Amino acid sequence: MKLKERAADYRKAMELNHGWEVELECTACGYRGLPDYKGWTPGYPMSFGSTPTIFADLECPACGRDLETEAGAKLGELFSPVEIPRANRRLLALFILLSAALVAASAVILVLTGNALGVIPLFFLIPMLAFIPVFNRRIAALRQRCDCGDPDYVFMGMLGRAYCFRCSSCGKLLKLRD
């Protein structure tokens, strides 16, 4: 496989399919049902803590009102009790542990030798940067597997620093920390 093909595969694995397939209630007109999905807008301001960030442009089909506030409330309601998968936590912890071990080895060598040889393990951190796409791809692969066997995860937004997905095939909720 050529480098260009691998880069294209990596980009495809990282790509998010945006959407919204959950009923909302319009507070203005009382309509309850699926909102009109008008695409998504990338936004730089992100909320942290338990405040949701919605990228989907949603409108009420009855009155045309923007439903971002209602979608944010629904996202928090749906995903607050959903746990982040252990596989995701293990991958992130492994990456941090490997990086910390190299920094610690560098510090120990620097203290024991008292010269510039202590900097050598820090040079191993440079190849660790090459592993970032590998870890990202593995984390993204978590959302390409579903119990239903036909995963079609749709990105609904962020809850704090966690990415919230919903499988269009079976409705399973998935919360990942990227």
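Would you list which aspartates and glutamates come within 16 Å of residue 38, measuring only between C-alpha atoms, while excluding same-chain residues fewer than 8 positions from it?
Of all the aspartates and glutamates, those that pass the test against residue 38 - Cα under 16 Å, at least 8 places apart if same chain - are 21, 23, 57, 59, 66, 68, 70.
Under 5 Å between amide hydrogens, which residues at least 5 positions from residue 19 or on another chain qualify, with H placed 1.01 Å from N in the peptide plane?
Amide H to amide H, under 5 Å and 5 or more residues apart or across chains, residue 19 pairs with 155.
Among all the aspartates and glutamates, which ones have a C-alpha under 15 Å from residue 12's C-alpha, if same-chain residues fewer than 8 places away are not counted?
The qualifying aspartates and glutamates are 152.
Below 8 Å, C-alpha to C-alpha, sequence gap of six or more: please give me the relative contact order for the chain in percent. Write out the running numbers ahead of the final one.
Working: 259 pairs, mean separation 43.4, N = 178.
It rounds to 24 percent for the chain.
With label points built 7 Å along Cα→Cβ from the Cα atoms of residue 82 and residue 126, find their separation and express it in nm.
4.1
In terms of modelled amide H atoms, which long-range or inter-chain residues lie less than 5 Å from the amide H of residue 159?
53, 164
Just to check I understand the Karplus step: with θ = phi - 60° and J = 6.51 cos²θ - 1.76 cosθ + 1.60, what whole-Hz values come out for the range 4-18, glycine and proline as x?
Here the 3J(HN,Hα) series is 4, 5, 5, 5, 5, 5, 5, 4, 5, 5, 7, 5, 9, 8, 7 Hz.
Distance from the Cα centre of the range 62-80 to that of the range 138-158, in angstrom?
Taking the Cα centre of the range 138-158 as reference, the centre of the range 62-80 is 22 Å away.
How large is ³J(HN,Hα), in whole Hz, for each residue of the range 23-33 in order, when computed from phi with the Karplus curve 6.51 cos²θ - 1.76 cosθ + 1.60 and θ = phi - 60°, using x for Gly and Pro?
Listing the rounded values in order: 5, 10, 10, 6, 6, 7, 10, x, 4, 10, x Hz.
What is the order of 154, 134, 82, fewest Cβ neighbours within 10 Å to most?
Starting with the residue having the fewest Cβ neighbours, the order is 134, 82, 154.
Would you mind checking the radius of gyration and Dmax of the chain based on alpha-carbon positions, in Å?
21.1, 74
Choose one of 144, 78, 113: the residue whose Cα lies farthest towards the positive end of the charge dipole of the range 51-167 (beta-carbon charges +1 Lys, Arg; -1 Asp, Glu; about the Cα centre).
The one lying farthest along the dipole's positive direction is 113.
None of the figures in this text is laboratory data; all of them are computed from the coordinates on show. The model shown is predicted, which means the values in this text are computed figures rather than measured ones. Don't worry about glycine lacking a Cβ; one is built from the backbone with ideal geometry, like all the others, and counts go over all protein chains shown.
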